[in-house]
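The values are calculated or read from the model by the stated rules, or taken from the named source; none is laboratory data. A quick note: this is a predicted structure, and the numbers were derived from the prediction, not measured. Please note: Cβ atoms are built from the backbone with ideal geometry, for glycine as well, and neighbour counts cover all protein chains shown.
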Protein chains: 2
Amino acid sequence: MATVIKPDLSDVPAYMAGLGHCARSASRVLAAADTAQKNRALLAIAETIKQGQSDLRGANDKDMAAGREKGLDAALLDRLELTDSRIDAMVDGLLQVANLSDPVGAITDMAYRPSGVQVGKMRVPLGVIGIIYESRPNVTVDAAALCLKSGNAVILRGGSESIHSNLALAKSITAGLELAGLPATSVQVVATADREAVAQLLTMREWIDVVIPRGGKSLIERVTADARVPVIKHLDGNCHIYIDDQADFDKAIAIAINSKTHRYGVCNAAESLLIANSVAEKVLPPLAEALLEKGVELRGCDSSRQLVAEIGIATEQDWGTEYLAPIISVKVVKGLDQAIDHIATYGSGHTDVIVTENWSHAQRFLRQVDSSSVMVNASSRFADGYEYGLGAEIGISTDRIHVGVLSD
Amino acid sequence: MATVIKPDLSDVPAYMAGLGHCARSASRVLAAADTAQKNRALLAIAETIKQGQSDLRGANDKDMAAGREKGLDAALLDRLELTDSRIDAMVDGLLQVANLSDPVGAITDMAYRPSGVQVGKMRVPLGVIGIIYESRPNVTVDAAALCLKSGNAVILRGGSESIHSNLALAKSITAGLELAGLPATSVQVVATADREAVAQLLTMREWIDVVIPRGGKSLIERVTADARVPVIKHLDGNCHIYIDDQADFDKAIAIAINSKTHRYGVCNAAESLLIANSVAEKVLPPLAEALLEKGVELRGCDSSRQLVAEIGIATEQDWGTEYLAPIISVKVVKGLDQAIDHIATYGSGHTDVIVTENWSHAQRFLRQVDSSSVMVNASSRFADGYEYGLGAEIGISTDRIHVGVLSD
């Protein structure tokens with residue numbers, strides 16, 4: 001049985017430092033834990049969550065009732081709710097992470113140096129990770145699973161509206177960890193909705209190695225501004241598809257359609273279409289027709305509007321906007337150089353695509369576009385940890401000092 | 001001829017934002033520059049520094065005179081001085097960096113995914129780097145060379161005592177860049193000693209991708225506390241040599257002596273010796289004798305002092321101290337576990353060494369010691385960018401989110 005010591009939540013800095021201290025100790029045990037033990041813990045957590053399902057639903061009901069009383073909108077309430085099928089999905093997620101290969105301890109680049117010394121690199125855990133997220137209880141389990149598999153201790157701070165659900169999940173997670181013989185403090189959920197807890201999490205340099213904010217732009221900007229610990233963040237995905245003057249037209253149309261319309265609300269959806277002037281007359285009309293047919297609104301430059309009457313006016317603001325909606329901006333550019341300049345000016349460094357059959361154009365695009373993912377003749381929707389073979393992901397970092405995809 | 005626009009230094013924030021803006025533009029050109037062009041620039045800078053040697057000496061004389069007037073101590077004045085041989089060394093450094101391989105554009109892990117998409121990783125520049133350092137003019141050239149080779153624009157802010165030397169060097173660097181057809185603003189030296197310039201450099205998130213402080217602990221701590229941009233820092237090197245109960249004694253003594261006495265003032269020198277209890281009686285007396293003979297002061301725990309009378313008393317503070325001097329702390333430990341615990345408690349995450357013939361002990365040490373370099377049967381002095389085959393280095397990062405060695 002887990003020994004539960006009721007934390008003193010009146011002194012938030014002391015409480016948070018206590019979590020930090022415990023996480024640091026747990027992180028040392030986790031770093032040394034072998035794959036089998038970590039997987040046993042993941043499976044045990046899956047089991048304890050299933051066993052605690054009715055308690056979990058009860059706790060979630062409390063959050064939902066409070067949320068309704070508080071007047072949360074339908075979208076927020078939807079994300080807050082834990083239905084049986086969502087709990088099943090969380091459990092499935094744990095099993096999937098257990099099936100991923102263990103990144104810890106992998107050694108690469110082992111080679112003898114002229115001095116006779118043998119040198120290589122070993123992948124190691126980060127240590128203690130703080131995750132700050134909105135009121136989505138499923139993130140609690142997803143994040144805990146990824147941190148555990150990668151040998152990191154984690155302190156989780158979800159949105160205040162989900163606190164009962166998160167604490168109920170924490171109880172199951174803790175029980176699972178103990179069943180597998182790992183420290184219960186490997187995964188800790190902050191038990192207070194006090195905002196001071198976030199301020200502490202962002203500044204405890206002694207205990208926290210990195211903070212990952214997961215949520216909307218305003219959350220991420222707040223975290224970045226206040227953090228005194230390193231932050232790995234996933235910001236905008238203002239992704240571009242550039243159709244080069246030497247593009248294969250069929251590929252161009254298929255890639256643009258897939259990138260824009262496969263899913264609208266995701267960070268790797270295309271938000272802006274750049275088309276080389278010399279081919280615009282040929283490519284844009286059929287492409288615009290296909291997009292309009294799918295219900296996508298087009299907002300373009302003057303040249304594009306001369307080619308397709310249905311294209312609305314794009315303002316300066318449109319070029320920098322991540323719509324996350326069935327809207328796309330369209331600009332006719334002189335060619336490769338102007339496309340690269342446009343992406344440097346308005347892009348967000350997430351994913352940018354060139355469609356071309358010209359080797360040198362492709363090479364220049366790959367070298368000169370400074371984004372997390374730069375693609376040739378592929379849909380931006382491929383920018384994804386699973387698709388890249390990197391395992392599960394929390395988000396795609398657009399920082400310069402980073403892991404491009406924070407994988408299993 | 002370079003066009004020199006006299007900067008307006010009265011409005012420091014505007015001046016720094018101007019440097020940032022220019023650096024960002026230059027960084028895009030540098031990222032696309034090929035190896036030959038970058039090397040031409042490095043060689044041209046070497047040439048312009050040689051040609052400007054007398055002006056450079058004149059500027060340095062001004063700094064030296066001001067420094068003497070200000071009452072700088074001998075060590076600071078020594079680091080400030082640019083002798084002819086030091087200028088030669090800077091020029092040599094440029095040629096060496098030109099000879100290093102170009103890290104930019106290197107592609108690894110290229111593989112086809114089940115979807116049919118081919119995915120790999122490309123090394124790219126960081127963008128704009130800010131470097132803050134003490135009054136050592138040679139760092140101006142070393143840092144500029146490494147940033148240039150790695151395709152990054154750089155803003156250099158040296159100590160105020162070296163401002164004339166740094167500006168003279170900047171003039172030569174700029175001339176060399178222009179000769180090679182690269183933007184003069186690829187390397188910019190902050191032309192004011194106003195401290196507000198540092199505050200700006202540390203907070204201009206729009207223009208600066210990463211700041212690297214290079215200098216003593218107080219500089220690095222100040223930078224870390226104030227920075228709102230990512231920092232790659234090189235902090236303490238409190239390096240340990242653990243002599244395991246299954247160590248080869250000859251190796252143990254040779255490694256300990258080399259690690260401690262090869263050079264005292266460097267970050268990868270050993271500062272603490274841990275010895276397994278069961279072999280202490282055999283290893284410590286001859287090792288202590290050898291260290292004492294070299295003039296090294298030993299400060300130890302009670303057990304060590306019972307074995308060697310000349311060992312002084314180590315206080316709690318000694319275990320956490322990076323002496324950078326002919327002093328070493330000595331602790332007799334029960335065995336591997338206590339050694340690992342001690343390193344976790346007192347170490348600085350730089351370089352730690354186990355001397356052992358036991359495979360499992362070596363593996364556990366490699367896995368459980370969380371330092372930038374973890375070594376088996378090698379001197380800590382091997383922790384070095386050149387020795388690792390990573391090229392020239394600015395420093396060894398002990399951060400968790402990092403490049404272990406910031407190489408060419």
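Filtered by the rule that a residue be of a type outside the set (Gly, Ala, Ser) and free of Cβ contacts under 8 Å to residues at least 60 places away in the same chain, segment B:117-135 gives B:Val117, B:Gln118, B:Val119, B:Lys121, B:Met122, B:Arg123.
Note on segment A:233-266: among residues that are in contact with a strand residue (DSSP E or B) (Cβ under 9 Å, 6 or more places away or on another chain) and among the basic types (Lys, Arg), the one that is surrounded by the most Cβ atoms within 10 Å (Cβ to Cβ) is A:Lys260. The lone criterion from (1) within 28 Å of B:Leu201 (Cβ to Cβ); (2) modelled with pLDDT under 90 left unmet by B:Asp102 is number (2).
Here is the figure for segment B:246-297: residues that are without any contact (Cβ under 8 Å) to a residue 40 or more places away in the chain and of a type in the set (D, E, K, R) total 7.
Look at (1) in contact with a Ser or Thr (Cβ under 6 Å, 6 or more places away or on another chain); (2) surrounded by 21 or more Cβ atoms within 10 Å (Cβ to Cβ); (3) small (Gly, Ala, Ser) and you find that B:Ala193 fails only one, number (2).
Residues of segment A:10-27 that are under 28 Å from A:Arg123 (Cβ atoms) and buried (at least 18 other Cβ atoms within 10 Å of the Cβ): A:Leu19, A:Gly20, A:Cys22, A:Ala23, A:Arg24, A:Ala26, A:Ser27. Of A:Ile354, A:Ile394, all but one fail to be modelled with pLDDT of 95 or more, assigned to a strand (DSSP E or B) and away from chain B (no Cβ under 12 Å); the exception is A:Ile354. Considering the conditions (1) in contact with a His (Cβ under 9 Å, 6 or more places away or on another chain); (2) buried (at least 23 other Cβ atoms within 10 Å of the Cβ), B:Val330 is excluded by exactly one of them, (1). Of the residues making up segment B:373-386, those that are facing chain A (nearest Cβ under 10 Å), surrounded by 19 or more Cβ atoms within 10 Å (Cβ to Cβ) and either more than 14 Å from A:Lys121 (Cα to Cα) or not hydrophobic (A, V, I, L, M, F, W, C) (or both) number 4.
In this structure, is B:Glu322 surrounded by fewer than 16 Cβ atoms within 10 Å (Cβ to Cβ) and part of a loop (DSSP other than H, G, I, E, B)? No.
Those helices (runs of 4 or more DSSP H) of segment A:126-242 in which 3 or more residues are more than 19 Å from A:Tyr15 (Cα to Cα), at pLDDT below 95 and within 14 Å of chain B (Cβ to nearest Cβ) occupy A:217-226. Quick check: anything in segment A:83-106 more than 25 Å from A:Leu177 (Cα to Cα) and not hydrophobic (A, V, I, L, M, F, W, C)? The answer is no, given that none of the residues of segment A:83-106 is more than 25 Å from A:Leu177 (Cα to Cα) and not hydrophobic (A, V, I, L, M, F, W, C).
Counting only residues that are touching a residue at least 12 places away in the same chain (Cβ under 8 Å) and either in a loop (DSSP other than H, G, I, E, B) or assigned by TED's automatic domain parsing to the domain that holds B:Glu393 (or both), segment B:52-94 holds 4 of them.
Just one residue in the set A:Ser115, A:Ser101 is of a type outside the set (Val, Ile, Thr), more than 14 Å from chain B (Cβ to nearest Cβ) and out of contact with any Pro (no Cβ under 8 Å at 6 or more places or on another chain); that residue is A:Ser101. Candidates in segment A:243-268 are the residues that are outside any helix (DSSP H, G or I) and touching a helix residue (DSSP H, G or I) at 6+ places or on another chain (Cβ under 6 Å); of these, the one that is modelled with the lowest pLDDT is A:Asn268. Return a yes/no flag: does segment A:36-49 have any residue that is within 14 Å of chain B (Cβ to nearest Cβ) and at pLDDT 95 or above. Yes, because at least one residue in segment A:36-49 is within 14 Å of chain B (Cβ to nearest Cβ) and at pLDDT 95 or above. Summed over segment B:271-312, residues that are within 22 Å of B:Gly237 (Cα to Cα) and part of a strand (DSSP E or B) total 9.
Filter segment B:359-371 down to residues that are closer than 20 Å to B:Leu273 by Cβ and either of a type in the set (A, V, I, L, M) or more than 8 Å from chain A (Cβ to nearest Cβ) (or both), then give me how many there are. So the count comes out to 6.
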